[in-house]
Amino acid sequence: MNDAQATVPRRYALSFTTGALLVREGALLAPVYLERRNWEQVRDEAVEGNLLQARTYRTGVRLVRETVKRLSALTDDEVELLGEVTASERGFLMWAAACRRYELIGEFAEEVLRERFLLLASSLGYDDFDSFVRTKALWHEELAAIKDSTLQKLRSNVFKMLHEAEFLSEAGNIMPAVLSERVAAALSARMPSDLRFFPTPQVVGQGAAL
């Protein structure tokens, strides 16, 4: 790779318009993976058996593919943890999975959601997301080229995820993520720590709150 190629930012994956946080779907497919230890087999079995109980075959295929994409961003230990934790904790793990799978979501979480929380900004709205995307579009032509309708879908789905993860109230106020020791430890095992994706005072790189 030459110097010019090295300075070109990696293109964002922008295919997160199916489902939202996919907590229910993740909980259904995680045990299948723990038995098979093969994501392709999980995908095929889930589609053939309609394990996600989708109304149509095409919807089922899209849901399974997207859920497998997210879950495969987790470690085996984290997938196992999905079956042991509370519903809120499961939402936190699926949020981390979405942030890992999609850099745009992860950067928004770190640079806007967490930053506003730490600066004691009380709210988060669509304008904050649009401003973030406009800034990123200066370096990412794939963002500059997307249609307004696509941007609206991406924005809507990110905010659905934030609501389902209980990071935003119905009024748009940022709510702190209360991470248990086991989930914080799992997220902190990565470098840099995935706590950077959360509205929490917990120190990135540590598993204990300030």
- line: Scanning the range 119-136 for residues that are open to solvent by less than 50 Å² (accessible area, probe 1.4 Å) and among the aromatic types (Phe, Trp, Tyr), the one nearest to the chain's Cα centre (by Cα) turns out to be Phe129
query: Among Pro199, Pro192, Pro176, which is in contact with a Phe, Trp or Tyr (Cβ under 6 Å, 6 or more places away or on another chain) and either open to solvent by less than 70 Å² (accessible area, probe 1.4 Å) or more than 17 Å from Ala13 (Cα to Cα) (or both)?
result: Pro199
query: Can you tell me which residue in the range 36-50 is least open to solvent (accessible area, probe 1.4 Å), limited to those that are farther than 10 Å from Gly60 by Cα and hydrophobic (A, V, I, L, M, F, W, C)?
result: Val42
query: If Ser169 passes every condition in (1) surrounded by fewer than 20 Cβ atoms within 10 Å (Cβ to Cβ); (2) over 27 Å from Arg10 (Cα atoms); (3) touching a residue at least 12 places away in the same chain (Cβ under 8 Å); (4) of a type in the set (Ser, Thr, Tyr) but one, which one does it miss?
result: (3)
- prompt: Which ranges mark the helices (runs of 4 or more DSSP H) fully within the range 66-118 that have 2 or more residues being closer than 20 Å to Val32 by Cα and either among the aliphatic types (A, V, I, L, M) or open to solvent by less than 10 Å² (accessible area, probe 1.4 Å) (or both)?
  reply: 76-82, 87-101
statement: Checked the range 47-65 for anything more than 21 Å from the chain's Cα centre (by Cα), among the aliphatic types (A, V, I, L, M) and part of a helix (DSSP H, G or I); matches are Val47
task: Of the conditions (1) out of contact with any Asp or Glu (no Cβ under 6 Å at 6 or more places or on another chain); (2) at pLDDT below 95; (3) open to solvent by less than 70 Å² (accessible area, probe 1.4 Å), Leu187 clears all except one; give me its number.
output: (1)
message: Being touching a residue at least 12 places away in the same chain (Cβ under 8 Å) and among the basic types (Lys, Arg) is the filter here; which residues of the range 34-80 pass it?
response: Arg37, Arg43, Arg62, Arg65, Lys69, Arg70
- prompt: In the range 142-166, how many residues are of a type outside the set (Gly, Ala, Ser) and either in contact with an Asp or Glu (Cβ under 9 Å, 6 or more places away or on another chain) or open to solvent by 70 Å² or more (accessible area, probe 1.4 Å) (or both)?
  reply: 10
Qualifying positions in the range 1-35 - open to solvent by 60 Å² or more (accessible area, probe 1.4 Å) and modelled with pLDDT of 95 or more: Arg24, Leu28, Pro31, Glu35
Hey, Trp139 open to solvent by 70 Å² or more (accessible area, probe 1.4 Å), within 24 Å of Lys153 (Cα to Cα), in contact (Cβ under 8 Å) with a residue 12 or more places away in the chain and of a type outside the set (Ser, Thr, Tyr) or not: yes
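The values are calculated or read from the model by the stated rules, or taken from the named source; none is laboratory data. Remember, predicted model here, so these are calculated numbers, not experimental data. Don't worry about glycine lacking a Cβ; one is built from the backbone with ideal geometry, like all the others, and counts go over all protein chains shown. Just the protein is used for accessible areas: all its heavy atoms, side chains included, with ligands, DNA and RNA removed. Shrake-Rupley method; radii C 1.70, N 1.55, O 1.52, S 1.80 Å.
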